[in-house]
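What follows is a single structure, written as C-alpha cells, with notes after it.
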Amino acid sequence: GLLLENIGGVLFLDEIGTATPVIQTKLLAYLDDFRIRPRGAEYSLFCPVLIVAATNEAEWREGRCRRDLFQRFTDVHEIPPLRELKHNFPYIIDAMLQKPGVNADFQVREVGKGAFERLAEKDYADGNFRELEQAMRQACRGAAACGREYLVRSDIPDS
C-alpha cells in the first residue's frame, strides 16, 4: 500500500533494521524489479518509488537487518551523531523550523540568540535528532502560545 501511495515519489522508511523479517523479505523482492502484486491480483505492476531508509548502525552489526537488503541500497551515507554536527546547527535548526510537525503553521520565524545557545549546548546523546526535534516542537508550541514569532531561551526545555 505504501509503495502504491508513493508511486513516482519518495518513500522514507525509518528504522528499517527493526522491520520484521517478512517486511524485509518483501522489500528485498521489490528492490529486485520494482514490481508489486496488489492483494488478490493475478498480475504485478511496475511501481517506481525511490526508497530512502534509515537505521541505527548497531542493527546492522547485530544482524537484525538483512545484509542483502543493505546491499540493495545504491548510496549509503553514514550520518554522524548530532553532537558532532554542532558546526551545522544553524542549518539544522532552520530545517527543523520548516517542518510542519515541529512548527505548526510556521508561526515561529526566528530563533533568538539565547534559545540557539541553549539548543547548541545540549548533548543529545540519548535521542539524537529526535531529541532536538522534540525540544524544537515544545519550544515552538510555547512561543506560539505566548503569541511570539521567535524562540527565547526559556522556550527550550531543560531535558
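Between Phe34 and Ala95, 0.36 nm times their residue separation minus their Cα-Cα distance comes to what?
Numbers: separation 61, 0.36 × 61 = 21.96 nm, distance 3.12 nm.
Result: 18.8 nm gained on full extension.
With an 8 Å cut-off on Cα pairs and a minimum separation of 6 or more residues, tell me the relative contact order of the chain in percent.
Relative contact order for the chain comes out at 20 percent.
Dividing the Cα convex hull volume of segment 70-159 by residue count, how many Å³ per residue is that?
Residue-normalised Cα hull volume stands at 107 Å³.
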- [ ] Rounded to whole Å and ordered largest first, report the semi-axes of the equivalent ellipsoid of segment 42-121 derived from its Cα gyration tensor (root of 5λ).
- [x] 35, 21, 10
Open item on the list: For the chain, what does the accessible surface come to per residue with a 1.4 Å probe? Please give it in Å².
Closed with: 66 Å²
TODO: Quick one: plug the Kirkwood hydrodynamic radius of the chain (C-alpha pairs) into Stokes-Einstein at 37 °C, 0.692 mPa s, and report D in µm²/s.
DONE: 180 µm²/s
TODO: Pull out the extension gain between Thr74 and Thr25, defined as 0.36 nm times the separation in residues minus the alpha carbon to alpha carbon distance; nm, one decimal.
DONE: 15.9 nm
Task: the chain - share of DSSP beta bridges that are antiparallel (%, nearest 5) - done: 25 percent
Open item on the list: Among Ala104, Thr55, Leu82, whose Cα projects farthest towards the positive end of the dipole of segment 52-159, with charges put on the beta-carbon of Lys, Arg (+1) and Asp, Glu (-1)?
Closed with: Ala104
Task: Against the rule of thumb 2.2 N^0.38 Å, how large the Cα Rg of segment 2-85 comes out - done: 1.20
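The values are calculated or read from the model by the stated rules, or taken from the named source; none is laboratory data. The structure presented is a predicted model; accordingly, all values stated were derived computationally and were not measured. Every residue, glycine as well, gets a Cβ built from its backbone with ideal geometry; the counts of neighbours run over all protein chains shown. In case anyone asks, the SASA skips ligands and DNA or RNA and just uses the protein heavy atoms, side chains included. Shrake-Rupley method; radii C 1.70, N 1.55, O 1.52, S 1.80 Å.
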